[in-house]
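A.B. asks: Let me give you the structure first, and then I'll get to my questions.
The values are calculated or read from the model by the stated rules, or taken from the named source; none is laboratory data. What you are looking at is a predicted structure, and each value in this text was computed from that prediction instead of being measured. No Cβ is skipped: glycine too gets one built from the backbone with ideal geometry, and neighbour counts run over all protein chains shown. The protein model used for the area step is the full one, side chains on, heavy atoms only, and it has no ligands, DNA or RNA in it. Shrake-Rupley method; radii C 1.70, N 1.55, O 1.52, S 1.80 Å.
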Amino acid sequence: MTSNHQEQECCDRAAWVPALLQVSDPLFPTGAYAHSMGLEQWAATCKFKTGDDLVQFFQEHAGPALARLELPYLRYVREAIVAEDWATVLVLDAEIDAWKWASEIREASISQGRGRLRLLKKLWQASPEIETYSAAFATGRARGHHLVVAALQFELLNVPNEAGLMTYAYQSLANFVSASIKLLRISPESAQLALAAGLEQLPDWVAASKQVEREAAGWFAPAFDIASARHATAFSRLFIS
């Protein structure tokens, strides 16, 4: 095989990368910038002040939540989409709705999912998968959670499963880091150091998520959930959730 052929094969295998970068970029307007996803009230409760506090949050909550709940569900949803099992997709969507019991966290997920779905429809108008899910959302049969729409986008773009899991986990940590700059008033450099510390453990969280069967998926963090629910009545707020 010639060098040119090898280069062409490599480009073909990576054809999904540019589109994935586009939908993963902070410029992609899903409204994520308006949400701290529970970090604002939790940081106030725990008196977070430094990048090290954020690293501890990744280790004790964000990472385990990804490994034991969110990434497994991302995998279940994508498998159902591949199988064209839309009944299971809707059931999983409803289950996500149930375990996001703090209303602000739940509504933040739906808001971001709705924004991402709207843009995907404009970018990939001919996709039957988007049309099927959009029709279910329009009639109230689908909740529109961000995780479900993310699984849909990864499948549409032919993103390898491992890369999809890594990307979703990265976005989750990056959203917390972005919020922390305002909440903790740490420097961008400190925020990036915290993110790098989280990314070092990301492969382990992704690997662990692959071992979680649906019956065992779950993450129990009542203190964090209660803090998220209290955010609605906080005296002052920087973020919606």
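A.B. asks: Through the Karplus equation 6.51 cos²θ - 1.76 cosθ + 1.60, θ set to phi - 60°, convert the phi angles of region 82-97 into ³J(HN,Hα) values in whole Hz; use x for Gly and Pro.
C.D. replies: Each residue of region 82-97 in turn: 4, 7, 6, 9, 6, 4, 5, 4, 5, 5, 5, 4, 5, 5, 4, 4 Hz.
A.B. asks: Give the separation of the Cα centroids, region 166-227 to region 110-157, in Å.
C.D. replies: 24 Å
A.B. asks: With every protein chain present, what accessible area does D52 have (1.4 Å probe, heavy atoms only), rounded to the nearest 10 Å²?
C.D. replies: 120 Å²
A.B. asks: For Rg and Dmax of the Cα atoms in Å, pick the label among [x] 18.8, 56; [y] 18.2, 67; [z] 19.6, 64 that corresponds to the value derived from the coordinates.
C.D. replies: [y]
A.B. asks: Go through H231, H61 and list them by solvent-accessible area, largest first, probe radius 1.4 Å.
C.D. replies: Ranked list, largest accessible area first: H61, H231.
A.B. asks: I would also like to ask the following. Would you mind calculating the relative contact order of region 128-241 from Cα pairs under 8 angstrom and at least 6 residues apart, reporting the percent as a whole number?
C.D. replies: Answer for region 128-241 is 17 percent.
A.B. asks: Along the positive direction of the dipole of the chain (beta-carbon charges: Lys, Arg +1; Asp, Glu -1; about the Cα centre), which of F235, G218, V206 reaches farthest?
C.D. replies: F235
A.B. asks: Here is a follow-up. Quick check: the angle from helix 146-156's long axis to the longest principal axis of the chain, C-alpha only, nearest 10 degrees?
C.D. replies: Here the helix axis deviates by roughly 20 degrees.
A.B. asks: Can you give the angle from 0 to 90° between the axis of helix 128-138 and the longest principal axis of the chain, with both taken from C-alpha atoms, to the nearest 10?
C.D. replies: Compared with the principal axis, the helix lies near 40 degrees.
A.B. asks: Cross-link candidates for K182: which lysines have Cα within less than 30 Å, leaving aside residues fewer than 8 places away along the same chain?
C.D. replies: K47, K49, K100
A.B. asks: Turning to a different aspect of this structure: Could you compute how much accessible surface K49 exposes when probed at 1.4 Å, giving the result in Å² to the nearest 10?
C.D. replies: Spelled out: K49, probe radius 1.4 Å, area about 150 Å².
A.B. asks: Can you give the local net charge around V149? Use residues other than it whose beta-carbon is closer than 13 angstrom to its beta-carbon, Lys and Arg +1, Asp and Glu -1.
C.D. replies: Its environment carries a net charge of +3.
A.B. asks: So, one more: Please state the relative contact order of the chain as a whole percent: Cα pairs under 8 Å, 6+ residues apart?
C.D. replies: Over the chain, the number comes to 40 percent.
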